[in-house]
Amino acid sequence: QLELVESGGGLVQPGGSLRLSCAASGFGVDIYTVGWFRQAPGKEREGVSCISSSSSTMYADSVKGRFTISRDNAKNTVYLQMTSLKPEDTAVYYCAVEWYGSTCIHSLGNGPVYGMDYWGKGTQVTVSS
């Protein structure tokens, strides 16, 4: 019954904006930590942003000030609003949940991401002119 489904990816020009959605089922996004991650070709998967059950939000330095994570408890969905997009933001973006621990937070500082407990399939974001 557990499921995370990402949507909203696509092709945008540098400086443009895009909003990603992560629709969850089988658990409440307001109860656990949920994070956004990304992986570009030839690179390791990296943490982008996290939102905790207490609504604390955290960001990697590379996206701070440009991306905003939020959630809609009624829709059981977590969002990532991306603005001022750069070509280096091009990657597959994944949503994942952490039942207990601090893997998501540590991943924002180049820590390992595979301690996250359940992953979606990802959505492609391409920033190019």
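The values are calculated or read from the model by the stated rules, or taken from the named source; none is laboratory data. From a predicted model like this one, the values you see are computed outputs, not experimental measurements. Here the Cβ is made from the backbone with ideal geometry for all residues, glycine too, and neighbour counts use every protein chain on show. Protein only, heavy atoms only, side chains kept; ligands, DNA and RNA dropped before computing areas. Shrake-Rupley method; radii C 1.70, N 1.55, O 1.52, S 1.80 Å.
Assorted remarks:
- For the chain, modelled as a GNM whose springs connect Cα atoms under 10 angstrom apart, the maximal fluctuation among 118, 100, 32 occurs at 100.
- Spin-label model distance (nm) - residue 1 vs residue 54, 7 Å beyond Cα toward Cβ: 2.9 nm
- Only protein heavy atoms count here; under a 1.4 Å probe, residue 11 has an accessible surface of about 130 Å².
- Distance between the pseudo-spin-label points of residue 11 and residue 68 (7 Å out from Cα toward the beta carbon): 2.8 nm.
- Here residue 86 is the anchor, and the lysines within straight C-alpha reach of less than 28 Å, apart from those fewer than 8 places off in the same chain, are 43, 64, 121.
- Value of [θ]222 nm, deg cm²/dmol, for the chain, DSSP H segments ≥ 4, -39500 (n - 2.57) each, nearest 500: -500 deg cm²/dmol
- Three-way shape label, the stretch 67-129, alpha-carbon gyration tensor, a/c 1.5: oblate
- Relative to the current alpha-carbon distance between residue 61 and residue 76, full extension at 0.36 nm per residue lengthens the span by 2.7 nm.
- Couplings 3J(HN,Hα) for the stretch 10-20, derived from phi with the Karplus relation 6.51 cos²θ - 1.76 cosθ + 1.60 (θ = phi - 60°), are x, 9, 9, 7, x, x, x, 10, 7, 10, 9 Hz, where x marks Gly and Pro.
- A Gaussian network model of the chain, with springs between Cα atoms under 10 Å, assigns the largest mean-square fluctuation among 56, 107, 21 to 56.
- Given their separation in residues at 0.36 nm each and the Cα-Cα distance between them, residue 126 and residue 83 gain 14.2 nm when the chain is fully extended.
- Scaled to the globular estimate 2.2 N^0.38 Å, the Cα spread of the stretch 1-106, given as radius of gyration, is 1.02.
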